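**Student:** Before I ask anything, let me first share the structure, which is written out below as structure tokens.
The values are calculated or read from the model by the stated rules, or taken from the named source; none is laboratory data. Computed from a predicted model, the values in this text were never measured in an experiment. Virtual Cβ from ideal backbone geometry, glycine too; neighbours counted across all protein chains shown. Accessible surface is based on the protein model in full, side chains and every heavy atom, while ligands, DNA and RNA are left aside. Shrake-Rupley method; radii C 1.70, N 1.55, O 1.52, S 1.80 Å.
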Amino acid sequence: MDELLGAIGLDEGQESAYRALVALGAAEIPDLAHRLTLPVQQTELTLRHLERHGLAAQSSARPGRWVAAPPGVALGALLTQQRHELEQAELAAALLAEEYRAEAAEPAVHDLVEVVTGASAVAHRFHQLQLGAVEEVLALVSGRPQVVTGTDNEAEDRAAVRGVAYRVVIEREVLAQPSGIREASAALARGEHIRVSAAVPTKLVIADRTLAMVPLTARGAEPAALVVHASGLLESLMGLFEAVWRESLPLRLGSTGAPEETGGGPDATDLEILTLLLAGMTDASVAKHLELGLRTVQRRVKGLMELSGVTTRLQLGWHAYERGWVAR
């Protein structure tokens, strides 16, 4: 039964002193100290503590003699007090929980946005955003990356491997960069859906429709970005992405080089040429980035026009859509 009274605030020595005093009925300090094998001064301090808790008192009949308060009365009073304190603590906890729920339901405006400053911090947050994605990442990519380029974005590769879906709109300028076609082909091979636009209004990445990141600073200034949590602003950014996505051209590249269609239809190279031309690239740019001769590109385009029975490139574009050579 040792330390049973710890719940009402007594330590081991105080409980032992009270039990001894109850057993003796009454005792002087030296006798109690001898029974507890404690120094007289420490025994007196212990009795003073028990006195403050209403568990012991000095005898009025015999000075220097201490008596124990009846356990049923003294301990009952202490237990009642502790129950009251516990009830007050439970009430305070319930009120705090209610305040927390209300705050979570309507977070303060300053909790909805986060400013990230510095190239290292922005890059880290960008990677973190993608690594934390579970279902889908939406992105608008400009031709002027300030912090993260396509070649060093390992987070995108890892997220795609985990099954995270990607929908990305890239500027036409991205395809014109030295590694643009190669990076786009690799992304398509990972199962990403890519579209091309003449220009995107801003760089943007949205993870699971709950968190977005947009740049803050202009060119030449220290890189900074705004991280936006679930809010009306985030919904507006998602609406912006969807609007740009609808107006952009799907990109189709044959990463394996295998024919996309047999029986005299266009092969993978033909489809790459078509897609890039429809994205707004010139014959010379297409030839350069596909490592083909300019005359080869022009000859293939002419062959596609003959295959389709059309006389202009505009008609070829419509025919390519109708035949499913390029996605709508």
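**Student:** Taking the range 174-213 only, how many residues are acidic (Asp, Glu) and over 22 Å from Ala225 (Cα atoms)?
**Tutor:** Residues in the range 174-213 being acidic (Asp, Glu) and over 22 Å from Ala225 (Cα atoms): 2 in total.
**Student:** Just give me the residues in the range 150-192 being of a type in the set (Val, Ile, Thr) and part of a loop (DSSP other than H, G, I, E, B), in sequence order.
**Tutor:** Within the range 150-192, Val164 is the sole residue that qualifies.
**Student:** For Ala225, indicate whether it is of a type in the set (A, V, I, L, M), open to solvent by less than 60 Å² (accessible area, probe 1.4 Å) and at pLDDT 85 or above.
**Tutor:** Considered against the rule, which asks whether it is of a type in the set (A, V, I, L, M), open to solvent by less than 60 Å² (accessible area, probe 1.4 Å) and at pLDDT 85 or above, Ala225 comes out as yes.
**Student:** Let me ask something else. Please work out if Arg195 is closer than 17 Å to Leu249 by Cβ and either in a strand (DSSP E or B) or touching a residue at least 24 places away in the same chain (Cβ under 8 Å) (or both).
**Tutor:** Yes.
**Student:** Considering the range 57-72 alone, what residues qualify as being open to solvent by 50 Å² or more (accessible area, probe 1.4 Å), part of a loop (DSSP other than H, G, I, E, B) and under 11 Å from Tyr18 (Cα atoms)?
**Tutor:** Hit for the range 57-72 is Pro70, nothing else.
**Student:** Next question, about the same structure. Mind checking which residues of the range 278-326 are closer than 25 Å to Arg182 by Cβ, in a helix (DSSP H, G or I), without any contact (Cβ under 8 Å) to a residue 24 or more places away in the chain and open to solvent by 20 Å² or more (accessible area, probe 1.4 Å)?
**Tutor:** Asp283, Ala284, Lys288, Leu294, Arg295, Thr296, Gln298, Arg299
**Student:** Has the range 120-134 got any residue that is of a type outside the set (S, T, N, Q), touching a His at 6+ places or on another chain (Cβ under 7 Å) and modelled with pLDDT under 85?
**Tutor:** no
**Student:** Does the range 33-55 contain at least one residue that is modelled with pLDDT of 80 or more, of a type outside the set (Gly, Ala, Ser) and more than 16 Å from Gly13 (Cα to Cα)?
**Tutor:** no
**Student:** Looking at this structure, is Val214 touching a Ser or Thr at 6+ places or on another chain (Cβ under 7 Å), closer than 25 Å to Ala160 by Cβ and either part of a loop (DSSP other than H, G, I, E, B) or at pLDDT 85 or above (or both)?
**Tutor:** yes
**Student:** Taking the range 177-192 as the region of interest, how many residues are surrounded by fewer than 16 Cβ atoms within 10 Å (Cβ to Cβ) and in contact with a strand residue (DSSP E or B) (Cβ under 7 Å, 6 or more places away or on another chain)?
**Tutor:** 0
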